[in-house]
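The values are calculated or read from the model by the stated rules, or taken from the named source; none is laboratory data. Computed from a predicted model, the values in this text were never measured in an experiment. Cβ coordinates were reconstructed from backbone atoms using ideal geometry, including for glycine residues, and neighbour counts include every protein chain displayed. Heads up: the accessible areas ignore ligands, DNA and RNA and are worked out on the full protein's heavy atoms, side chains in. Shrake-Rupley method; radii C 1.70, N 1.55, O 1.52, S 1.80 Å.
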Amino acid sequence: MDRADIALIEALQRDSSRSIADLAEATALSPSACHRRIHALQAQGIISGYSARIDPARLGLTMLVFVEITLTSQSREAMDRFERAVGDFDDILECHLMSGSADYLLRVAAADLAQYDRIHRDCLARLPGVSAMRSSFSLRQIKRFAGYPVPHR
């Protein structure tokens, strides 16, 4: 990756809806060179897709909950079963395999405590092999994810 690729990645992370002409101007490339570089970054898997940043509060999702999960067993079979089941529930926004005291960390959004109770009963409690679950409620988001830092070479 050179400076132009880095500039493209940074620009796309800020706003992926920009036109090729706008991106080319912002990165001092011709539109055709900009287009080729974006396709090359996609082919390399550096750009894996595009999405819109949504304000969850505007969707009524005002609660952000982080759920630590400990399994009864850390066998490959138990972990595979758990990970497959996580994929079946849209209410689980993210799932991370962790080091430390919990095996997994889940991110869940809900409108209120009643909805989180429903998610807990209908989704989280149905996950296989769970021995312990601990929920922590975000009081306020201080910094929102806005993209990954791109190493400048």
- Note on the structure: Inter-part gap, Cα centre of the stretch 65-102 to Cα centre of the stretch 1-56, in whole angstrom, is 33 Å
- Considering only protein heavy atoms, what is the solvent-accessible area of HIS152 at a probe of 1.4 Å, reported in Å² to the nearest 10? 130 Å²
- Karplus (6.51, -1.76, 1.60) ³J(HN,Hα), θ = phi - 60°, over the stretch 76-86, in Hz, Gly and Pro reported as x: 4, 4, 5, 5, 4, 4, 4, 5, 5, 5, 4
- Given a 1.4 Å probe, the accessible area of the stretch 1-48 per residue, as a whole number of Å², is 58 Å²
- How large, in percent, is the carbon and sulfur part of the accessible surface of the stretch 1-124 at a probe radius of 1.4 Å? 51 percent
- Item | Relative frequency of Cα-Cα separations exceeding 13 Å in the stretch 8-58, percent | 59 percent
- Query: So, how do all the Cα-to-Cα distances of the stretch 102-153 break down into 5 Å bins, in percent, from 0 on up?
  - Reply: 4, 12, 21, 19, 14, 11, 9, 4, 3, 1
- Item | Label-point separation in nm, ARG144 to GLN74, each point 7 Å along Cα→Cβ | 3.7 nm
- Task: Before anything else, pin down the relative contact order of the chain: Cα pairs under 8 Å, at least 6 apart, normalised by residue count, whole percent.
- Result: 29 percent
- Can you pull the three principal axis extents for the Cα set of the stretch 39-153, in Å, largest first? 45, 37, 25
- Query: When only the heavy atoms of the protein chains count and the probe is 1.4 Å, how do MET79, MET98 rank by accessible area, highest first?
  - Reply: MET98, MET79
- Message: I'd like the projected area of the stretch 4-104, averaged over all directions, using the convex hull of its alpha carbons. Report it in nm² with one decimal.
- Response: 9.4 nm²
- Semi-axes, largest first, in whole Å: what does sqrt of 5 times each Cα gyration tensor eigenvalue give for the stretch 65-114? 21, 13, 8
- Distance (nanometres) between label positions extended 7 Å along Cα→Cβ at GLU25 and GLN42: 2.3 nm
- Item | List ILE142, ILE46, ordered by accessible area with a 1.4 Å probe, largest first | ILE142, ILE46
